[in-house]
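K.L.:
If you scroll down you'll find the structure; I have some questions about it.
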Amino acid sequence: MKSSTRDLAIALAGIFQAVRLVQLTANGEQRDERALKACLSGIFNTDPESADIVFGSLAGIRLGLETALDQIAGPGERRDMELARYAVTVMHLERKLNRNRALLDNISAGIKKAKEQARFFDITHSSVIASLADCYQQTISTLRPRIMVNGNQAVLVNPENQNLIRALLLAAIRAAVLWHQCGGGRLTLILQRKALVNASESLLDEARNIH
C-alpha cells in the first residue's frame, strides 16, 4: 500500500474514532451508527488497495477526524487524556501483537468467522459483535498492558455493552495496524504533527461534503 500523510491521518482517525466510541459506549451515551459501522467494516477490510477505502468512505470517519484534531491540534482544555491513554495503549499493543504470529493467526481466524456471520446478518448484529468480542478476548486481551476501560459501572456490567467495547477495541487495533503499514511509529505524532493536522483538516472538509 502506498503511504502518505493523508493515509496516516486516515489511520489515526480510525484509532481515535474506535476509542471514542468505546468511551461513549462505556458511559451509556449515544453513538453515531455510521461511525460504528465504519469501524466494524475496517476490521473486515484487511487487504485494501488504499487507506481511503478501509472504512468505506471519509464520511464514515468524520467522528474520528474531529476527535483526532481535538487531540493533536486543539488547545489543552479540549484534549481528553482518557482517549489519549486508550490510543497510546492500542498502538503499543499492536506492536506487541505484530511480533506474535500465533495470535495474529488466531485473530485472522476469528475475523473470518465473524465475516461469515456478517454475510447473513447486519454488521452491527449482536452475533457478529459477539464473535468479534470473543476474538478480541481470546487474543489481544492476553497481552499486557490490558486496556482498562472506565465508565458507568451499570453500563459496563451489561454483556452486550462488554461485547461492543471489545469489538471496538479490536477495530482500534486494526486501525493501529493500518497506522504502522502507512509508516506511522512512536514519534510520528511529534515529528509530523503539523502535517497530520493539515491532512486531517483537509480530510474533514471532504467528509463534511459527503452526504
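Read the figures in this text as sums done on the coordinates, not as results from a lab. Note that the structure is predicted; figures quoted are calculated from it, not measured. In this analysis, Cβ positions are derived from the backbone assuming ideal geometry, glycine residues included, and neighbour counts consider all displayed protein chains.
K.L.:
Considering only H92, A176, A102, whose Cα is most displaced toward the positive end of the charge dipole of the range 5-208, charges sitting on Cβ of Lys, Arg (+1) and Asp, Glu (-1)?
P.N.:
A102
K.L.:
Then there's this: Using Cβ contacts closer than 10 Å as the measure, can you line up F121, F16 from fewest to most? Write out the running numbers ahead of the final one.
P.N.:
Numbers: F121 13, F16 30.
Ordered from fewest to most neighbouring Cβ atoms within 10 Å, F121, F16 come out as F121, F16.
K.L.:
Over the alpha-carbon set of the chain, work out the extent along each principal axis and list the three values in angstrom, largest first.
P.N.:
40, 37, 37
K.L.:
Also: If you rank K37, K112 by fewest surrounding Cβ atoms within 10 Å, what's the result? The partial results should precede the final answer.
P.N.:
Numbers: K37 16, K112 13.
Ranking K37, K112 by Cβ neighbours within 10 Å, fewest first, gives K112, K37.
K.L.:
Separate question: Could you calculate the FRET efficiency of F121 with S4 from 1/(1 + (r/R0)^6), where r is the beta carbon distance between them and R0 is 35 Å, rounded to 0.05? Working shown, then result.
P.N.:
Working: r = 35 Å, r/R0 = 1.01.
After rounding to 0.05, the efficiency reads 0.50.
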